[in-house]
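J.: Take this structure first; my questions come after.
Each reported figure results from applying straightforward, stated rules to the coordinates on display, with no laboratory input. Fair warning: this is a prediction, and the values are worked out from it, not measured in the lab. When we count neighbours, we look across all protein chains shown, and the Cβ atoms used for this are built from the backbone with ideal geometry, even at glycine.
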Amino acid sequence: MVYVVDAVLFDIDGTLVDSTPAVERTWRTWARRHGLDAEEILRVCHGRRTEDTVAMFVPQPDVVAAAAELEHLELHDLDGVVALPGAADLLDGLPAERWAAVTSGSRELMCSRLSAAGLPVPEVLVAAADVMVGKPDPEGYRRAAEELGVDPAGCLVVEDAPAGIAAGRAAGATVVAVCTSHARAELYDADAIAETLLDITVASSASGLDVAVSK
């Protein structure tokens, strides 16, 4: 399947970068400190803003401090953070003004993880603090498209989590999911599903970007 689009919008954690070991370590440490069930947290945290996940487990007055505590843990644990297969080549093939990243993490943390993985930081990066509502709300993807000067309907979103897929679709974009963090059956709302980024190629053309997806 080939999609002709104006820009490509990527999630970061689980899509471009494999930070799963670090993410799980920090959430487990945080959960232990707060007397919470880490497994329950890990089932719902992926693809969501830290503050939104934290708010599900601690009283509202404690959310800001608890989220800041987790952020501190994450910033100091980059061990094992690596680029996912195909990420570097895919980004190398995209003009800087034709791609962006939309993340549920903080700008500082995502820049640190991209750098640790040896990947470029995009000119347009929409982070958790840049939106009023996080994924699955479409605000982040709509904002990224706006900053690139394109219509969301002309964008292709690459995601790994159901919350991100829902956000991309609600923004009006075409969504391609990669099976890096969730089973294929959990990604059924995407327009197309690729096993990894190695199954996605991009080429510039007179009409924009030709994105080919091998299912």
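J.: Can you run phi through the Karplus equation (6.51, -1.76, 1.60; θ = phi - 60°) for the range 4-17 and list ³J(HN,Hα) in whole Hz, with x for Gly and Pro?
T.: Here the 3J(HN,Hα) series is 9, 9, 8, 7, 10, 10, 10, 6, 10, 4, x, 10, 9, 10 Hz.
J.: Oh, and also: For the range 148-215 and the range 12-76, what is the centre-to-centre distance using only Cα atoms, to the nearest Å?
T.: A separation of 25 Å, based on Cα centres.
J.: Order these by the 10 Å Cβ neighbour count, fewest first: K135, K215.
T.: Going from sparsest to densest Cβ surroundings: K215, K135.
J.: Can you put T180, T20, T196 in order, fewest other beta carbons within 10 Å first?
T.: Ranked by crowding around the Cβ, least crowded first: T196, T20, T180.
J.: Test of understanding: ordering C45, C155, C179 by Cβ neighbours within 10 Å, fewest first, what list do you get?
T.: C179, C45, C155
J.: Something else: Does the range 20-75 come out rounded, prolate or oblate, given a ≥ b ≥ c as the square roots of the eigenvalues of its C-alpha gyration tensor, rounded meaning a/c under 1.5 and, failing that, prolate meaning a/b above b/c?
T.: rounded
J.: Find which of P152, T29, A192 sits farthest along the positive direction of the dipole of the chain, computed with +1 on the beta-carbon of Lys and Arg, -1 on that of Asp and Glu, about the Cα centre.
T.: Of P152, T29, A192, it is T29.
J.: What size of dipole, in debye to the nearest 20, comes out for the chain about its Cα centre when the only charges are +1 on Lys and Arg C-beta atoms and -1 on Asp and Glu C-beta atoms? If you can, show how the numbers build up before the last one.
T.: Numbers: 16 positive and 35 negative charges, 44 e Å.
That gives the chain a dipole magnitude of about 220 debye.
J.: Using only DSSP helix segments of four residues or longer, with each worth -39500 (n - 2.57), what per-residue ellipticity at 222 nm results for the chain after dividing by its residue count and rounding to 500?
T.: Numbers: 8 runs with 76 residues, N = 215.
Result for the chain: -10000 deg cm²/dmol, rounded to the nearest 500.
J.: Based on the alpha-carbon gyration tensor of the chain and its eigenvalue square roots a ≥ b ≥ c, which shape applies: rounded if a/c is under 1.5, prolate if not and a/b is larger than b/c, or oblate?
T.: Since a/c reaches 1.5 and a/b is larger than b/c, the shape of the chain is classed as prolate.
J.: Which whole-Hz ³J(HN,Hα) couplings does the range 140-147 yield from phi under the Karplus relation 6.51 cos²θ - 1.76 cosθ + 1.60, θ = phi - 60°, glycine and proline marked x?
T.: Per residue, the Karplus-derived 3J(HN,Hα) values read x, 5, 5, 5, 4, 4, 4, 5 Hz.
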